[in-house]
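The values are calculated or read from the model by the stated rules, or taken from the named source; none is laboratory data. Not measured: the values here are computed from a predicted model. Cβ sites come from the backbone with ideal geometry, for glycine too, and all protein chains shown count toward neighbours. For accessibility, only protein heavy atoms count, side chains too; no ligands or nucleic acids. Shrake-Rupley method; radii C 1.70, N 1.55, O 1.52, S 1.80 Å.
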Amino acid sequence: MNSPVVVLGARGMLGTDLMACFARQEIAARGYDLPDFSIVDKNQVEQAIDGAGVVINCAAYTNVEKAESEQALAFQVNGEAVGVLGRIAGSKGIPVLHISTDFVFDGTLDRPYVETDAVNPVSAYGASKYEGEKALIASGCRCCIVRVQWTYGKNGVNFIKKMLDAARAGKPLKVVDDQVGAPTATEEVSQIVCSLIHLPAFPEGVYHLAAGGYVSRFEMAKFLFTTLGMTVDLSPCKTSDFPSAAKRPLNSRFNCSKMEALLGAKMRPWQDALRDYLTII
Ligand SMILES: NC(=O)c1ccc[n+]([C@@H]2O[C@H](COP(=O)([O-])OP(=O)(O)OC[C@H]3O[C@@H](n4cnc5c(N)ncnc54)[C@H](OP(=O)(O)O)[C@@H]3O)[C@@H](O)[C@H]2O)c1
């Protein structure tokens, strides 16, 4: 690809790793983010993506709890703006790879979700992200929607950092054992996204992307502390024990066969990348 990659949301948890991945691979990339760029500003989007070979959209309103009381903003950023991005990109012939989420599902299915399963968001954040998916598809641009779940990275707040901070503060920890997914490193997501945009044909459609295997949040916390040799007062509890504004899907498991077929490779087990991550944070 001769034209640069444009990354929106380039300073977020995923965006930072993506930019680093492009830098390592000597792929020309331009990154944009708040406060000097907003995806809701049509003119800024026009300028930002001008001349791009592909746009990767990681920009999002991601505060799941706050989205319940800031629905208008969440829908503007995660919904409407994605449609506008699609229309502008479509008019310039630029493909868009857009990052979405397991929160488009209600999490009640008793098996891992495939891309064609019915969506039914149970939170304002999930509903706003689904609006974005629909708006992007409706825009008619060439688009690839990559849904990720349970991501963690060096930059930004995530479940793993929260667990380690609480444990290091010597607090007893109660962790839910009824939410199941696959902890997925943004480093791995970045490498895969990088491979996707270099495929001979841009992969249009919806894809699920997660590390291999599944685990509950409680078992994952146990894995963290065992791996680090930490003794922590850890006990299981249920999601319903924690009052929260937003409902969360209990089953976040993804079937990634479609993505694996595209890449010609299996997803690495979640434990592998997590072990690497624990050596650097
Ligand atoms: N983290 C997860 O577990 C998870 C799970 C599933 C899917 N995802 C998806 O993964 C993608 C990347 O999220 P992330 O985890 O990297 O979260 P993040 O760290 O919050 O990154 C999102 C980035 O978008 C920026 N942003 C917010 N509003 C914007 C606007 N109006 N214009 C431009 N940029 C804006 C944020 O800036 P500020 O920080 O200044 O607000 C932030 O830099 C998102 O699409 C998210 O929905 C994440």
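Points worth noting:
- Restricting the stretch 178-189 to residues that are farther than 14 Å from residue 263 by Cβ and in a helix (DSSP H, G or I), the residue that is most open to solvent (accessible area, probe 1.4 Å): 187
- Entry remark, the stretch 119-133: residues being open to solvent by 20 Å² or more (accessible area, probe 1.4 Å) and more than 11 Å from residue 206 (Cβ to Cβ) number 7 in total.
- Restricting 244, 195 to those that are open to solvent by 20 Å² or more (accessible area, probe 1.4 Å), part of a loop (DSSP other than H, G, I, E, B), closer than 29 Å to residue 119 by Cα and among the hydroxyl-bearing types (Ser, Thr, Tyr) reduces the list to 244.
- Applying a threshold of 6 Å to beta carbon distances and a minimum spacing of six or more residues, or different chains, the list of pairs starting in the stretch 205-220 at a residue that is farther than 15 Å from residue 152 by Cβ and ending at one that is open to solvent by less than 20 Å² (accessible area, probe 1.4 Å) and among the β-branched types (Val, Ile, Thr) reads 206/145; 207/146; 218/175.
- Condition met for residue 210 (at pLDDT 95 or above, within 12 Å of the ligand (Cβ to nearest atom) and not aromatic (Phe, Trp, Tyr)): yes
- All positions within the stretch 113-149 that are assigned to a helix (DSSP H, G or I) and within 14 Å of the ligand (Cβ to nearest atom): 124, 125, 126, 127, 128, 129, 130, 131, 132, 133, 135, 136
- Whenever a residue of the stretch 26-46 is in contact (Cβ under 8 Å) with a residue 12 or more places away in the chain and closer than 16 Å to residue 89 by Cα, its partners that are of a type in the set (Asp, Glu) and more than 8 Å from the ligand (Cβ to nearest atom), lying with C-beta atoms within less than 8 angstrom and at least six residues away or across chains, give the pairs 40/80.
- Test for residue 175: is it open to solvent by less than 60 Å² (accessible area, probe 1.4 Å), β-branched (Val, Ile, Thr), part of a strand (DSSP E or B) and touching a Cys at 6+ places or on another chain (Cβ under 9 Å): yes
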